[in-house]
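Peer 1: Sharing a structure, written as structure tokens. Questions coming.
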Amino acid sequence: MGEFIRPYLEPIAAWFNTLPIPEVVTHWGHPLMMGIVIVAVGGSAAVKGWQIRRSEDVSDKNESAYWHKKAALWLTTFISLGWTGGVLSLVMQGEPIFESPHFWTGTIAIGMLMANGALSITKFLGRDSLRTVHAYVGSAAIALLVVHAALGINLGLSF
């Protein structure tokens, strides 16, 4: 599949390669920015999500829900954009795409985040059991993103 899409991405990568972007930014910019997103935005979404479930105070629940919704939406957006940036970075560096465990963990994490967002849009169909599924899928997605980050560092050190 990577070889199918590479010809479409190479002109974009070639254009970016004409810009005076230092090699260190091309190589480590994606992991640095995505690491910040995972820790700051993902951590905030996870903490606020669990505060909704654990708090007895309605005011605290409402405030946590407000921030959880925003953080989760931004997390999904930034991780999805980062996915495209990471793939493009690999093309710019002449590396294989869609082959590493890092690619697959990122793809699966995006799927989990999107499925969780879709579940929340339905208001969990009014079921507490689906609200619980949402909490654990979200937590698993964050855990997977931590594994994803470790795999990305390993990938970056390999070339």
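The values are calculated or read from the model by the stated rules, or taken from the named source; none is laboratory data. Being a predicted model, the structure only gives us computed values, none of them experimental. Cβ: placed from backbone, ideal geometry, glycine included. Neighbour counts: every protein chain shown. Heavy atoms of the whole protein, side chains included, go into the accessibility calculation; ligands, DNA and RNA do not. Shrake-Rupley method; radii C 1.70, N 1.55, O 1.52, S 1.80 Å.
Peer 1: Is it true that GLY49 is under 20 Å from ILE153 (Cα atoms), open to solvent by less than 60 Å² (accessible area, probe 1.4 Å), out of contact with any Phe, Trp or Tyr (no Cβ under 6 Å at 6 or more places or on another chain) and of a type outside the set (S, T, N, Q)? Quick ask: steps written out before the conclusion?
Peer 2: On the way: under 20 Å from ILE153 (Cα atoms): no; open to solvent by less than 60 Å² (accessible area, probe 1.4 Å): yes; out of contact with any Phe, Trp or Tyr (no Cβ under 6 Å at 6 or more places or on another chain): yes; of a type outside the set (S, T, N, Q): yes.
For GLY49, the condition - under 20 Å from ILE153 (Cα atoms), open to solvent by less than 60 Å² (accessible area, probe 1.4 Å), out of contact with any Phe, Trp or Tyr (no Cβ under 6 Å at 6 or more places or on another chain) and of a type outside the set (S, T, N, Q) - is not met.
Peer 1: Right, next: Is there any pair linking a residue in region 87-109 that is farther than 10 Å from ARG6 by Cα to one that is part of a helix (DSSP H, G or I) and of a type in the set (S, T, N, Q), with Cβ under 6 Å and at least six apart or on different chains, and which?
Peer 2: What qualifies is MET92/ASN17; MET92/THR26.
Peer 1: Of all the residues that make up region 108-129, how many are within 20 Å of SER64 (Cβ to Cβ) and buried (at least 16 other Cβ atoms within 10 Å of the Cβ)?
Peer 2: Of the residues in region 108-129, 5 are within 20 Å of SER64 (Cβ to Cβ) and buried (at least 16 other Cβ atoms within 10 Å of the Cβ).
Peer 1: Can you pull out every residue in region 6-46 that is within 30 Å of HIS68 (Cβ to Cβ) and among the hydroxyl-bearing types (Ser, Thr, Tyr)?
Peer 2: Matches in region 6-46: SER44 only.
Peer 1: Among the charged types (D, E, K, R), surrounded by 15 or more Cβ atoms within 10 Å (Cβ to Cβ), part of a helix (DSSP H, G or I) and touching a helix residue (DSSP H, G or I) at 6+ places or on another chain (Cβ under 9 Å) - does that describe any residue in region 63-79? Full working, then the answer.
Peer 2: Step one: of region 63-79, the residues among the charged types (D, E, K, R) are 63, 69-70.
Now restrict to residues that are surrounded by 15 or more Cβ atoms within 10 Å (Cβ to Cβ): 63, 69.
Checking the rest, the ones that are also part of a helix (DSSP H, G or I) come to 63, 69.
Next, from what is left, pick out any that are touching a helix residue (DSSP H, G or I) at 6+ places or on another chain (Cβ under 9 Å): 63, 69.
Yes, the conditions are met somewhere in region 63-79.
Peer 1: For region 17-43, how many residues are of a type in the set (A, V, I, L, M, F, W, C), closer than 26 Å to ALA150 by Cα and either over 23 Å from the mean Cα position of the chain (by Cα) or open to solvent by less than 70 Å² (accessible area, probe 1.4 Å) (or both)? Don't jump to the end; show me each part of the working.
Peer 2: First, the residues of region 17-43 that are of a type in the set (A, V, I, L, M, F, W, C): 19, 21, 24-25, 28, 32-34, 36-41.
Right, trim to closer than 26 Å to ALA150 by Cα and you get 21, 24-25, 28, 32-34, 36-41.
Subset that is either over 23 Å from the mean Cα position of the chain (by Cα) or open to solvent by less than 70 Å² (accessible area, probe 1.4 Å) (or both): 21, 34, 37-38, 40-41.
Number of matching residues: 6.
Peer 1: Report, by residue number, each residue of region 1-29 that is free of Cβ contacts under 8 Å to residues at least 60 places away in the same chain and part of a helix (DSSP H, G or I).
Peer 2: Narrowing region 1-29 to residues free of Cβ contacts under 8 Å to residues at least 60 places away in the same chain: 3-4, 7-8, 11, 14-15, 18-25.
The answer is GLU3, PHE4, PRO7, TYR8, PRO11, ALA14, TRP15, THR18, GLU23, VAL24, VAL25.
Peer 1: Would you confirm whether any residue within region 82-96 is open to solvent by 80 Å² or more (accessible area, probe 1.4 Å), farther than 19 Å from LEU151 by Cβ and not acidic (Asp, Glu)? Can you show your working first?
Peer 2: Narrowing region 82-96 to residues open to solvent by 80 Å² or more (accessible area, probe 1.4 Å): 83.
When the remaining residues are screened for being farther than 19 Å from LEU151 by Cβ, the result is none.
Checking region 82-96: not a single residue is open to solvent by 80 Å² or more (accessible area, probe 1.4 Å), farther than 19 Å from LEU151 by Cβ and not acidic (Asp, Glu).
Peer 1: Would it be correct to say that SER59 is loosely packed, with under 15 Cβ neighbours inside 10 Å and modelled with pLDDT of 95 or more? Don't jump to the end; show me each part of the working.
Peer 2: Values: loosely packed, with under 15 Cβ neighbours inside 10 Å: yes; modelled with pLDDT of 95 or more: yes.
Yes, satisfied.
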